[in-house]
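The values are calculated or read from the model by the stated rules, or taken from the named source; none is laboratory data. Owing to the predicted nature of the structure, the values given are computational and were not obtained by experimental measurement. Cβ sites come from the backbone with ideal geometry, for glycine too, and all protein chains shown count toward neighbours.
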Amino acid sequence: MTGTDPWESARERMVATQIAARGVGDEQVLAAMRRVPRHLFVPAEVRGSAYSDYPLPIGHGQTISQPYIVAMMTSLLQIQPDDHLLEIGSGSGYQAAVLGILAREVISIERIPEVAQLARKNLADAGITNVTVVIGDGTLGFPGGAPYDGVLITAATPSIPSPLVEQLAEGGRLVAPVGSRDLQELVRLTRKGHDLTRESFGGVVFVPLLGEHGWK
């Protein structure tokens, strides 16, 4: 430890025991998870649990995902340093911060204005400057920034919204939890020309994605 960050050892334990031990081996992702101060992205009353192995409430019926899920979804995106990414569902901004460490630029869309403002504050407090938080219906994407090398949906969708597929670049990857409100399957789509390959990576549980192409 450097002695300047009392949370550093908690981050190291989180990465070693919750993430690397479960098979996430992408060294760039592990380094990003060590670097982002997760405790800045949770409410003060649950800050002592910031590095624990479970999701936490952030208000407005939203949650910050379990660290392992954040790391796994980030790893599935296969981010390159020059990538331009779109995140659907900013939440407290933690996932966007991890993406911002790895990519050139991130646009993150949040439906709830108060949550969007929280994400902006948290990102600023953490020193993340390459993430733009936009208020809107994430199921419509953000055409003004398209195409995207990667799209990450951080809420449960009944099917993958077609506007997000349309905004995916050649070779782009889209990762999303797809299924019912109660249980989803983690899916990755990869665009190759006019074709999309689909891979599945097990069951997950997320809050529902609300919007025109999500849950009503």
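Quick notes
- Selection over region 32-55 of residues that are in a helix (DSSP H, G or I) and touching a residue at least 60 places away in the same chain (Cβ under 8 Å) gives a count of 5.
- Restricting region 110-129 to residues that are surrounded by 15 or more Cβ atoms within 10 Å (Cβ to Cβ), outside any helix (DSSP H, G or I) and of a type outside the set (Lys, Arg), the residue that is nearest to the chain's Cα centre (by Cα) is 110.
- Among the residues of region 182-211, those identified as outside any strand (DSSP E or B) and either within 19 Å of residue 90 (Cα to Cα) or in contact with a His (Cβ under 8 Å, 6 or more places away or on another chain) (or both) are 205, 206, 207, 209, 211.
- Screening the candidates 23, 48, 61 for the property of being over 25 Å from residue 121 (Cβ atoms) and over 16 Å from the mean Cα position of the chain (by Cα) yields one hit, 23.
- Residues of region 91-109 satisfying the condition of being part of a loop (DSSP other than H, G, I, E, B) and free of Cβ contacts under 8 Å to residues at least 60 places away in the same chain: 92, 93, 103, 104
- Any hit, region 56-76, residues being without any contact (Cβ under 8 Å) to a residue 40 or more places away in the chain and surrounded by fewer than 17 Cβ atoms within 10 Å (Cβ to Cβ): yes
- Test for residue 134: is it more than 19 Å from residue 73 (Cα to Cα) and either outside any strand (DSSP E or B) or modelled with pLDDT of 95 or more (or both): yes
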